[in-house]
Protein chains: 2
Amino acid sequence: MPTPPDELQALVERYLDDLDLTSALGTLTEPMRHALGGKRVRPVLCLATGEALGASLESLLPAAAAIELVHSFSLVHDDLPALDDDRERRGGPSVWALHGEASAVLAGDALLAEAFRLSLSYGTAGVARELVESTLAMIGGQWLDIRGDGAREELHRLKTGALFSASVGCALAALDVPRSEQLPWRAFAADVGLLFQIVDDILDVTESDERLGKPHGSDERHGKLTYVSLFGLERARELAADSHAKATAALAEASGETDDLRRVADYIFTRNE
Amino acid sequence: MPTPPDELQALVERYLDDLDLTSALGTLTEPMRHALGGKRVRPVLCLATGEALGASLESLLPAAAAIELVHSFSLVHDDLPALDDDRERRGGPSVWALHGEASAVLAGDALLAEAFRLSLSYGTAGVARELVESTLAMIGGQWLDIRGDGAREELHRLKTGALFSASVGCALAALDVPRSEQLPWRAFAADVGLLFQIVDDILDVTESDERLGKPHGSDERHGKLTYVSLFGLERARELAADSHAKATAALAEASGETDDLRRVADYIFTRNE
């Protein structure tokens with residue numbers, strides 16, 4: 001019987017709360033902890049993938065947490081005045097708005113380094129490799145984004161897709177799943193990452209500030225290309241349904257107990273915040 | 001016959017010039033490459049340690065380069081207006097002064113991630129662990145520094161000492177040197193790191209802007225505690241001579257062909273830029 005997504009989320013929450021950050025960081029851990037809020041979609045995906053493949057959740061938690069730390073690192077730096085200049089995040093002040101820019105730069109750096117530290121707790125270097133490669137792709141995506149270069153698909157693949165791919169990929173690496181059996185899992189990760197992004201773009205125009213935890217319409221204000229600005233709301237909704245169907249189909253190809261992952265995909269499809 | 005330090009430096013130079021950066025980073029590699037100037041003290045230390053232990057220089061180059069990338073990452077972020085606000089570095093504009101703050105934030109992030117990627121090319125995770133732990137200590141040191149907290153010794157140990165320690169430690173890890181044989185090497189690393197810092201503090205007050213490649217007296221302007229401001233120039237020079245003698249003594253305890261490391265320590269002691 002797979003663990004429901006909300007229980008997986010609670011596990012991640014507890015693990016992050018109890019996580020020993022490097023003591024040499026001193027009071028820098030305050031802005032770091034402030035940065036670590038969120039819906040935990042990526043770590044839940046990592047845990048659910050591992051569970052579907054028969055791993056213990058315990059063994060997957062460092063990898064899942066590492067992915068969340070990389071995600072948080074990227075938000076802390078992206079919110080900086082010189083980049084997206086976002087004062088709000090998850091219903092409160094962003095790290096730089098609360099703690100200052102210097103804290104945000106260093107807290108982001110430390111979150112990234114702590115993520116790598118966690119990924120090195122495995123017997124195989126594969127988990128760390130997945131993490132570092134997706135991090136580099138994500139940075140490349142953010143670079144394209146702030147310069148306004150690149151097609152929406154390329155931007156998405158790098159900026160959001162890479163870390164979704166790593167969320168599944170780290171579980172595959174931790175379990176030493178052979179390359180030849182990884183294809184449907186990787187396809188699922190790509191589809192569910194795209195689904196997440198399209199839904200995110202839709203919510204940015206349809207939902208209230210309060211529900212989003214940040215001012216809605218921020219994509220438009222930043223002049224960002226989104227699936228909604230490119231294709232309109234109706235077509236974006238069709239594309240989301242499409243990605244959801246493809247993700248579900250990919251799961252049918254994967255060997256393992258995938259009910260739980262299906263529920264994660266459903267949650268991502270139907271979420272409203 | 002050990003390789004002279006200037007040949008080691010040339011090897012590092014060539015390796016960094018030829019280094020394939022992740023293609024997804026696109027044009028972000030320009031500010032990254034701009035950040036990669038410098039004297040290569042840390043990678044030369046890594047190569048010389050490896051050579052003293054009988055390793056091929058080839059096999060040590062990824063670790064040596066990774067250390068230099070971490071060092072460069074830290075300078076790029078430390079120079080930012082919100083941190084040390086330094087417009088000049090190594091006789092030219094710092095990364096943010098030339099390419100803008102957003103570029104400097106992301107180029108720093110990418111340098112750190114590329115460093116981790118390089119450190120994962122070894123069969124053992126030990127190299128990556130050395131690197132990540134020293135990175136975390138260094139970030140903790142920079143945090144203390146910008147807040148003006150902490151004693152000079154603690155600050156040095158974290159901000160400079162940790163990466164010097166890793167320069168030696170990565171070579172030990174790459175060669176799987178048993179813990180029991182590491183002690184004199186680690187002592188040497190600590191002494192030579194301290195030596196480097198004291199000499200750096202001295203040069204900041206005694207040398208011209210041109211020779212330093214940045215405005216001299218910047219420590220004083222930033223209100224930073226240095227070995228000179230704390231103990232005076234005369235006493236700082238004595239402390240440097242002390243560290244040099246201790247580093248040399250530590251080498252005598254280490255098993256291996258250490259002539260070359262002695263020359264690196266001499267260079268650090270007598271450098272004037």
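No lab work stands behind these numbers, since they all come straight from the coordinates. Keep in mind that what you see is a predicted model, and the values were worked out from it rather than measured. Neighbour counts are summed over all protein chains in view; Cβ atoms, including those assigned to glycine, are modelled from backbone coordinates with ideal geometry.
A compact table of results
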read-out	value
Selection from A:A151, A:L261, A:L194 lying farthest towards where the dipole of the stretch A:116-273 points positive, charges on Cβ	A:A151
Peptide-level mean, for A:249-262, of C-beta atoms on other protein chains within 10 Å	0
Radius, Kirkwood style, for the stretch B:139-183 when every pair of distinct Cα atoms is counted (Å)	11.7 Å
Other copies of A:R147: label-to-label distances in nm, shortest first, labels 7 Å along the beta-carbon direction	3.6
Additional length obtainable on full extension of the chain from A:T27 to A:E88, 0.36 nm per residue less Cα span	19.7 nm
Whole-angstrom Cα spans of the stretch A:67-200 along principal axes, big to small	46, 34, 25
Average other protein chain Cβ within 10 Å of Cβ, residues A:107-120	6
Hydrodynamic radius of the protein assembly as shown per Kirkwood, over alpha carbon pairs, in Å	24.3 Å
Other copies of A:L183: label-to-label distances in nm, shortest first, labels 7 Å along the beta-carbon direction	5.7
Charged-residue dipole, Cβ positions (Lys, Arg, Asp, Glu), the stretch B:5-270 about Cα centre, Debye nearest 20	320 debye
Hull-based mean projected area of the stretch A:140-273, where the convex hull spans the alpha carbons, in square nanometres	8.5 nm²
Positive-pole candidate from B:A247, B:L47, B:T3, dipole of chain B, charges at beta carbon	B:A247
Convex hull volume per residue in cubic angstrom - Cα atoms of the stretch B:55-124	93 Å³
Debye log10 I(q)/I(0) at q = 0.10, 0.12, 0.16 Å⁻¹ for chain A, Cα point scatterers	-0.48, -0.70, -1.31
Pairwise centroid distance, computed over Cα atoms, of the stretch A:1-37 with the stretch A:51-84, Å	10 Å
Projected-area mean, the stretch B:195-273, by convex hull of Cα positions, square nanometres	5.4 nm²
Those lysines that a straight Cα-Cα span of less than 18 Å connects to B:K214, excepting residues fewer than 8 apart in one chain	B:K39, B:K224
GNM top mover of B:D191, B:D259, B:D18 - chain B, alpha-carbon springs below 10 Å	B:D18
Gaussian network model of chain B, Cα within-10 Å springs - most flexible of B:S119, B:S255, B:S180	B:S180
Distances in nm from A:D242 to the matching label points in the other copies, shortest first (labels 7 Å along Cα to Cβ)	7.1
Average beta-carbon neighbours from other chains, 10 Å sphere, peptide A:93-103	2
